[in-house]
Amino acid sequence: MTLGDTLRTGLSAIGGHRLRSALTVLGILIGIAAVILTVGLGQGAQDEVNGAIASLGTNLLIVTPGSVTSGGVQGGLGSASTLTIGDAQALGSHLDAPDIAAVAPQVQKTMSMTAGISNWTAPVVGTTPSWLGVRSRTVAAGRFLTQADVTSEAHVVVLGELVAANLFSSPASAIGAKVDLNGVPFQVVGVLAAAGSSANTNQDNLVTVPISTAQSQLFGGPDRRSVQAILLEATSPATMSAAYQEADSLLLQLHGITRPALADFTITPQTSLLSTASSISRTLTVLLAGVAAISLIVGGIGVMNILLVSVTERIREIGLRKALGATPGAIRSQFLVEAIILGVVGGVGGVLLGVIGAIGLPHLIGHPVTLSPVAVVAAVFVAALVALAAGVYPATRAARLVPMEALRSE
Amino acid sequence: MVAGRVAPERLGLEGERVSLIELTHVGKVYGTGDVAVQALKDASLTVDQGEYVAIMGPSGSGKSTLMYLLGCLDVPTSGRYILNGNDVRSLDEIELAAVRNHEIGFVFQQFNLLASLEAWRNVELPLLYGGERRRHVRRDQAIEALERVGLGHRYHHRPVELSGGEQQRVAIARALINRPALILADEPTGSLDSSSGTEILQLFEELNEAGVTIVLITHDPGVGSHAKRLLKIRDGRLSNSDARPTMGGATVAAQGSRRGPAGGALGASSL
């Protein structure tokens with residue numbers, strides 16, 4: 001028998017039980033679609049996290065004020081106002097910290113803002129011109145803050161894309177317009193390009209003003225020199241740890257702290273946060289794919305069940321074929337080919353369903369689904385393999401039937 | 001034209017009788033221990049090339065067992081069975097499949113056609129399992145075999161579109177297609193009305209006259225009477241009878257003799 005003959009025989013048998021074959025295929029199909037979609041969802045989440053890492057800058061270190069011990073009571077993390085503009089300036093020294101490329105001190109407070117009759121609420125970030133590079137952002141229209149703005153405590157503001165969209169009809173129309181931040185008038189000089197959201201923070205829902213203006217005009221407070229965070233950009237991903245060491249020793253020295261354990265600041269590589277998020281999403285993907293794989297196995301058991309029923313039901317046919325000269329091998333390959341046909345049809349159907357789901361699902365649940373061609377091709381192979389494995393036992397049973405008994409059965 | 005497959009080396013000189021089936025003291029036991037059933041006891045039988053033999057017995061007599069043994073669908077528990085030179089007990093499963101494929105054409109009471117296949121695709125099955133890889137050759141030969149049984153024009157019909165008599169003709173075409181040494185028919189008229197049954201028996205006679213060896217198993221004396229030699233089986237014991245069937249018949253088994261008393265002569269004359 002040629003392969004074509006075997007295929008034709010298998011197709012005839014499947015065609016003889018259309019509904020049953022369709023239901024069997026459905027089991028495989030759902031399993032494959034589930035695997036493809038969960039892996040795609042996981043891959044989508046992974047891509048999102050990776051995108052966020054890239055958008056934040058991979059070389060980013062964040063210095064935050066640590067706990068301060070006063071009168072034997074240790075305050076919580078970030079409770080102190082131990083970081084100052086002076087610290088930021090010192091860290092910017094290429095002599096003391098050669099592996100730090102740029103420094104951006106940052107103060108931040110959420111405020112309401114109005115432009116004409118429109119109003120909005122967003123974090124106001126007071127910072128310096130280097131913020132743009134450190135955060136890997138770009139300007140969509142107008143310009144970013146300049147050193148002159150900082151020096152002169154200019155009342156200028158650069159809007160995030162979302163803020164601009166909510167206050168003005170277009171980014172271009174925002175340039176030159178007036179925005180009141182907590183009633184203090186500012187002039188819009190630029191709009192940032194969209195960066196998307198990451199780690200539950202929308203990077204486009206913010207405005208930036210010169211740090212000097214923010215401290216003196218907007219935030220007030222007792223210590224106008226303190227900052228809430230200092231963003232550091234290492235010269236390259238390879239010099240991250242060197243930059244970390246330099247910032248750490250420099251700040252300990254500046255703050256007069258001899259024991260590193262008593263440091264009143266914390267340095268966090270931005271990527272460590274995100275790699276945690278990344279590994280969590282990876283774990284979830286593995287978990288979900290595991291559940292999906294179980295459904296695929298259930299589909300495989302369905303194939304085995306149907307083939308066993310088929311063997312029992314077609315026992316006379318098997319007897320007849322043996323009487324006509326079919327060898328055990330010919331009978332076995334007939335049933336295996338039937339199993340593989342069911343598997344491949346289920347696999348291809350599952351891929352189609354998976355692709356439709358990958359297109360439709362993001363609109364429903366708001367999460368991206370990334371389908372890789374490798375996963376799609378692999379899914380069809382896995383489906384065929386699962387069906388083949390499921391077919392081995394029924395096929396062997398059919399092959400071993402004694403022709404006399406097979407012919408006699410009713 | 002109808003022609004049985006006759007291996008030249010097994011055709012004796014001057015039309016000498018050549019035995020196709022040699023069954024020597026064959027027994028068959030089903031089950032073991034307390035549940036063992038002796039379905040066939042010490043059966044000896046010789047059938048020559050070109051014979052038309054009927055084996056007749058009531059249900060439970062062991063005639064089905066004998067048919068399965070003769071058809072190599074089962075192997076004897078004891079004794080010796082030589083079919084066209086092959087010692088059946090020494091063959092493995094794959095060799096048995098080849099013997100069934102080449103040497104035997106089966107005709108069953110229930111026709112045993114595959115409902116999902118057209119007539120010609122039912123008929124081609126033995127060629128398929130015999131290793132003929134060219135589909136058009138199988139198709140041509142299948143249609144030729146259908147023409148031999150008078151159904152050449154219905155080759156693309158499915159079994160449900162054919163009458164019982166036509167279905168049995170398709171089954172006979174299938175049995176003939178590999179030019180087997182032996183046609184083994186198990187109650188071939190049992191599911192047919194009497195006129196269709198008569199037609200089938202007539203077809204068998206024509207095939208036999210053209211040289212095909214036929215062993216027909218039946219419980220019906222009316223059917224058995226069409227054969228040229230009649231053997232009776234009862235309680236697992238095989239006995240020979242006259243060439244012309246009678247209800248009495250001799251009780252002496254062939255006991256391994258090379259031919260039955262009258263059947264041998266008939267076998268020779270038909271070659």
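The values are calculated or read from the model by the stated rules, or taken from the named source; none is laboratory data. Everything quoted here is computed from the prediction, not taken from an experiment. FYI the Cβ positions are ideal-geometry reconstructions off the backbone, even for glycines, and counts take in every protein chain you see. These accessible areas exclude ligands, DNA and RNA; they are computed on the full protein's heavy atoms, side chains included. Shrake-Rupley method; radii C 1.70, N 1.55, O 1.52, S 1.80 Å.
Details
- Subset of region A:199-217 that is crowded, with 20+ Cβ neighbours inside 10 Å and out of contact with any Asp or Glu (no Cβ under 6 Å at 6 or more places or on another chain) - its residue that is modelled with the lowest pLDDT: A:Gln203
- Out of A:Thr327, A:Thr370, sole residue that is without any contact (Cβ under 8 Å) to a residue 60 or more places away in the chain and of a type in the set (S, T, N, Q): A:Thr327
- Residue that is nearest to A:Gly325 (Cα to Cα) [pool: residues in region B:110-130 that are among the small types (Gly, Ala, Ser) and at the interface with chain A (Cβ under 8 Å from one of its Cβ atoms)]: B:Gly130
- Residues of region B:224-243 that are at pLDDT 90 or above and in contact with a Pro (Cβ under 8 Å, 6 or more places away or on another chain): B:Ala227, B:Leu230.
- B:Ile200 vs. criteria closer than 20 Å to A:Ala323 by Cβ, free of Cβ contacts under 8 Å to residues at least 40 places away in the same chain and not charged (D, E, K, R): yes
- For region A:367-374, the criterion of being surrounded by 23 or more Cβ atoms within 10 Å (Cβ to Cβ) and not in a helix (DSSP H, G or I) is met by at least one residue.
- Pairs are defined by a Cβ separation below 6 Å, a sequence spacing of at least 6 or placement on different chains, a first member in region A:21-36 that is over 8 Å from A:Gly346 (Cα atoms) and assigned by TED's automatic domain parsing to the domain that holds A:Gly360, and a second member that is assigned to a helix (DSSP H, G or I) and among the polar types (S, T, N, Q); the pairs so defined are A:Gly31/A:Ser295; A:Ala34/A:Ser295.
- Residue match in region B:87-109 (condition: more than 12 Å from chain A (Cβ to nearest Cβ) and open to solvent by less than 20 Å² (accessible area, probe 1.4 Å)): yes
- Lone unmet requirement of (1) within 23 Å of the chain's Cα centre (by Cα); (2) facing chain A (nearest Cβ under 9 Å) for B:Val170: (2)
- Hey, A:Val163 of a type outside the set (Lys, Arg) and within 26 Å of A:Pro269 (Cβ to Cβ) or not: no
- Within region A:1-38, considering residues that are among the polar types (S, T, N, Q) and within 14 Å of chain B (Cβ to nearest Cβ), the one farthest from B:Arg138 (Cα to Cα): A:Ser21
- Residue pairs meeting the criteria (Cβ under 7 Å; at least 6 apart or on separate chains; first aromatic (Phe, Trp, Tyr), in region B:103-124; second open to solvent by 20 Å² or more (accessible area, probe 1.4 Å)): B:Phe108/B:Asp186; B:Phe111/B:Gln167; B:Trp120/B:Arg139; B:Trp120/B:Ile143; B:Trp120/B:Tyr155; B:Trp120/B:His156
- When B:Glu132 is tested against (1) free of Cβ contacts under 8 Å to residues at least 24 places away in the same chain; (2) touching a Lys or Arg at 6+ places or on another chain (Cβ under 6 Å); (3) assigned to a helix (DSSP H, G or I), exactly one condition is not met: (3).
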